Amino acid sequence: MSEKIKHFPGESLKGRDIREGRVPTIKHRPNVKYLWSAGVAMSRFLEGLKKGKIVGSSCKKCQRIMVPPRAFCEECFRPVDGYTNVKDTGTINTYSVSYVAGDASRIKEPILVAVIDLDGASKGMGILHLLGEIDDWKTIKFGMKVKAVWKLPEERTGTITDIKYFKPME
Amino acid sequence: MREVAIVGVGCTGFKSVTPEISYKEMMFEAATRAYQDAGNINPRKDIDAFISVAEDYWEGFSIFDEFVPDQLGAVLRHLFTVSGDSIIGLATAYMLIKTGYFNTVALESHGKPSDILTLHDIVSFAMDPILNRPLGGHPFYVAGMEMNRFLCTTGNTRDQCAMIVAKNKGNALSNAFAAYGANVDVEDVLNSDMQFYPLKKIEISKPADGGIVIILASDKVATKLNENPVWIKGVGWASETPSLETRCWSKAIYARLAAEMAYKKAGIMTPSVEVDFAEVDDLFSYKELQHMEALKLCRSGEAGKLTEEGITQLDGYLPINPSGGMLGMGWPLEAAGLQRLQEVVLQLRGQAGNRQLSDVEIGVAQSWRGIPTATGAVAVLSNYKG
């Protein structure tokens, strides 16, 4: 109801009326499945993760080391000149503390997410990942040094989650 | 009023699968070739605006637009995505230049159907959820129904549809971009599996991966970028009703209206005489016949006869789909229209190799958005500015 109109004419509906079929609706769950080819640059990145390495690519023209790696430099619009490993340490560029889970439910233990500028990559480039081994999130600081915590080699599958999280370096 | 030309084309593809490359890398490759073709233009400063044509469900991303700029050289530049067939994207690019605000526009479209595990489910998802989806079945039965009514009403024949397959797959043999060139005859087509009566398996274009980038320019800069610009004389698009219950099943009305719009702009009064060749949508064999008639390249019921008499072959009076069409090149989803357009450009430039047509001045490219749509677009091109 708005401030001016206290009662609209007709019968009001509740969510329950829709769920219980008192309002005609139609339900359809699409079957949409994909299997994306990772391609040249991302395949190197994923294979690197499996080996415990973070792979970047380099452009001689703009002198950047780019992470995540790409097959072409988007600034110079030319193919990259090569691939190189960067360090699995870096500094926090920005972060957030998420009290809401993927399904929008409220969670007690917040999820800590951060963009981390990786050492060895050009400024402002790195990885978006989780933070861990932090008791009180209020101790997180901009520019804080962090290091990757990897899964055991036999547990790695060539995905971004081969890194469990980044932890403070003290 | 300023004129608009195509000054660059770049293509990667077409292949049945491309596990070695990502869609971004595919687009980068096509874009690099197109910029090179347009006088080695630098997209970081020489392209005024960028348009990509993509459909989120084909890509598997929400808001796919956001994944586009890097690989086109469009970072920090002016880009938007058109959700539609790529000739509708061409019409949009054409209009951008017509405004006078832009001299150069890059237009991109690609398809990577090999990344989609449930292609026909996505087509089904385009059907009406209340009236059609609950009935189940493969959505291409819509094509079977349309073919049936089209042949019944117009008098074109089953065998004439088979001839389309033989012609287009044959043309594709001399097209390096084509994925499905083959030597097949009418007998082979008729022996193919019946899938959606009266449509046989081999009469359905197979999905193919590939990307195309087209560079458009105003007449102010066109000849500086390419000494062989191909001029866009007219564009048109139209939609009939989405309703499968009430639409016209015998004629492609959407293509007729789109063609009339484009011909009017191009000043073409008698398409059957003035148009030298056409690239039309042949997602299903009968569609080539139906679209020829919709484009007024012949009268209703005559397209099959022209095919039978060889008029639409490479050496005929009115070649149709010299590229091999989608039956020969493959179906690249929303890039289908640019696949047609690219061939018209190559033919008008005289760069079509073994399948080059002689003395061509006016070519038409036509697209259809596929099952279950009734939407199409048409572009009329010429190598004469006129």
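A few remarks follow.
- Selection of segment B:183-234 for residues being small (G, A, S) and either free of Cβ contacts under 8 Å to residues at least 40 places away in the same chain or touching a Cys at 6+ places or on another chain (Cβ under 9 Å) (or both) yields B:S192, B:G210, B:G211.
- Matching entry among B:L283, B:L327, B:L318, B:L333 (being farther than 19 Å from B:I204 by Cβ, at pLDDT 95 or above and of a type in the set (A, V, I, L, M)): B:L318
- Set A:K147, A:K108, A:K138, A:K164: member being over 19 Å from the mean Cα position of the chain (by Cα) and assigned to a strand (DSSP E or B): A:K108
- Criterion violated by A:E155 - all others in (1) in contact with a helix residue (DSSP H, G or I) (Cβ under 9 Å, 6 or more places away or on another chain); (2) surrounded by 13 or more Cβ atoms within 10 Å (Cβ to Cβ) satisfied: (2)
- 3 or more residues closer than 19 Å to B:V165 by Cα: qualifying helices (runs of 4 or more DSSP H) within segment B:258-341: B:285-294, B:303-308, B:325-329
- Of the criteria (1) within 13 Å of chain A (Cβ to nearest Cβ); (2) under 25 Å from A:P30 (Cα atoms); (3) free of Cβ contacts under 8 Å to residues at least 12 places away in the same chain, which one B:W58 fails: (3)
So that you can scan it fast, the table gives a plain yes or no per residue for (1) surrounded by fewer than 24 Cβ atoms within 10 Å (Cβ to Cβ); (2) closer than 21 Å to B:A34 by Cα; (3) out of contact with any Pro (no Cβ under 8 Å at 6 or more places or on another chain):
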residue	(1), (2), (3)
B:G328	no, no, yes
B:L346	yes, yes, yes
B:I371	yes, no, no
B:G376	no, no, yes
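- Restricting attention to segment B:19-41, the residues that are part of a loop (DSSP other than H, G, I, E, B) and either at the interface with chain A (Cβ under 8 Å from one of its Cβ atoms) or touching a residue at least 24 places away in the same chain (Cβ under 8 Å) (or both) add up to 7.
- Hey, B:D219 within 30 Å of B:G39 (Cβ to Cβ) and within 15 Å of the chain's Cα centre (by Cα) or not: no
- For A:T25: the one exception among (1) within 14 Å of chain B (Cβ to nearest Cβ); (2) within 30 Å of A:L130 (Cα to Cα); (3) free of Cβ contacts under 8 Å to residues at least 24 places away in the same chain: (2)
- Screening segment B:131-152 for residues that are over 11 Å from B:W249 (Cα atoms) and touching a helix residue (DSSP H, G or I) at 6+ places or on another chain (Cβ under 6 Å) and picking the one that is surrounded by the most Cβ atoms within 10 Å (Cβ to Cβ) gives B:P139.
- All positions within segment A:35-52 that are on the phi < 0 side of the Ramachandran plot and either exposed (fewer than 15 other Cβ atoms within 10 Å of the Cβ) or out of contact with any strand residue (DSSP E or B) (no Cβ under 8 Å at 6 or more places or on another chain) (or both): A:L35, A:W36, A:S37, A:A38, A:V40, A:M42, A:S43, A:L46, A:E47, A:K50, A:K51
- Entirely in segment B:75-189, the helices (runs of 4 or more DSSP H) that have 2 or more residues that are away from every other protein chain (no Cβ under 14 Å): B:86-98, B:141-154, B:158-172
The values are calculated or read from the model by the stated rules, or taken from the named source; none is laboratory data. The structure presented is a predicted model; accordingly, all values stated were derived computationally and were not measured. Quick reminder, even Gly has a Cβ in these numbers, built from the backbone with ideal geometry, and neighbours come from all protein chains shown.
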